[in-house]
Each structure stands twice: as structure tokens, then as C-alpha cells.
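Student: Questions regarding the structure given below will be posed in turn.
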Amino acid sequence: MSYACPICNGLQNWNVVCPKCNMNTEDYGKYADFVGPYAPYQSIEQMKSDNGYWDEIQHQCIHVAYCHSCQYTFQSAVYEMLT
Ligand SMILES: [Zn+2]
Ligand SMILES: [Zn+2]
């Protein structure tokens, strides 16, 4: 068994709403792909220090969400599922 992101694997629909205007957003893919393979995982490091649950963070897939109605781009953590 291993953990897999349900969004990346097409097991689940993207249903993240914009925190600013509550509209549906579009999945722009994994954050790591979005910023490039050599970019530092700074946001994940920040999240780790924020809540301290490294195990939990390891089983999250960080995606980039884009809101068309207000042009807001933000990160959204997807909980990975055991497959
Ligand atoms: Zn994913
Ligand atoms: Zn919005």
C-alpha cells in the first residue's frame, strides 16, 4: 500500500473553492510542477513548522489553485489516500 494523491491520479474531482470569493477554482497541478523541479519547498517547510505534524504533511499533495473570477492563485493541500 502506498499513499497517492486522488487529484493527480484522477480518483477525485477538484472541488476547491476560492477563499476570497467562494467560486470554484481550477487545478493548476502540483505546486512542485508549477514552480519547477529545482525550486525550494519553502511553503511546505513553513507549513511543517506551523503545525508540527510532519507525518501529515508528507501525505499531502500541494496543488496550485486558480480562481477565474478574481484571478487569485493559491496553494491547496490535498490529502493523499491509501491505495
Ligand atoms: Zn496531487
Ligand atoms: Zn476568487
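No value in this document is a laboratory result; all are computed from the given coordinates. As the structure is a prediction and not an experimental result, all values here were calculated from the model. Positions of Cβ are generated from backbone atoms using ideal geometry, with glycine treated the same way; all protein chains shown enter the neighbour counts.
Student: Give, as a single signed number, the net charge of other residues whose beta carbon lies under 12 Å from the beta carbon of residue 76, with Lys and Arg counted +1 and Asp and Glu -1. If you can, show how the numbers build up before the last one.
Tutor: Values: positive: 30; negative: 26, 27.
Net charge around residue 76: -1.
Student: Work through the residues other than residue 5 whose Cβ is under 9 Å from its Cβ and net out their charges, Lys, Arg +1 and Asp, Glu -1.
Tutor: 0
Student: Same structure, new question: State, to one decimal in nm, how far the label point of residue 24 lies from the label point of residue 81, with both points 7 Å from Cα in the Cβ direction.
Tutor: 1.9
Student: I need the calculated FRET efficiency for the pair residue 15 and residue 35, taking r as the beta carbon distance and R₀ as 22 Å, to the nearest 0.05. Show your work: numbers first, answer last.
Tutor: Numbers: r = 23 Å, r/R0 = 1.06.
With R0 = 22 Å, the Cβ-Cβ based efficiency is 0.40.
Student: When 80, 26 are ordered from fewest to most other Cβ atoms inside 10 Å of their Cβ, what list results?
Tutor: Listing 80, 26 from fewest to most nearby Cβ atoms yields 26, 80.
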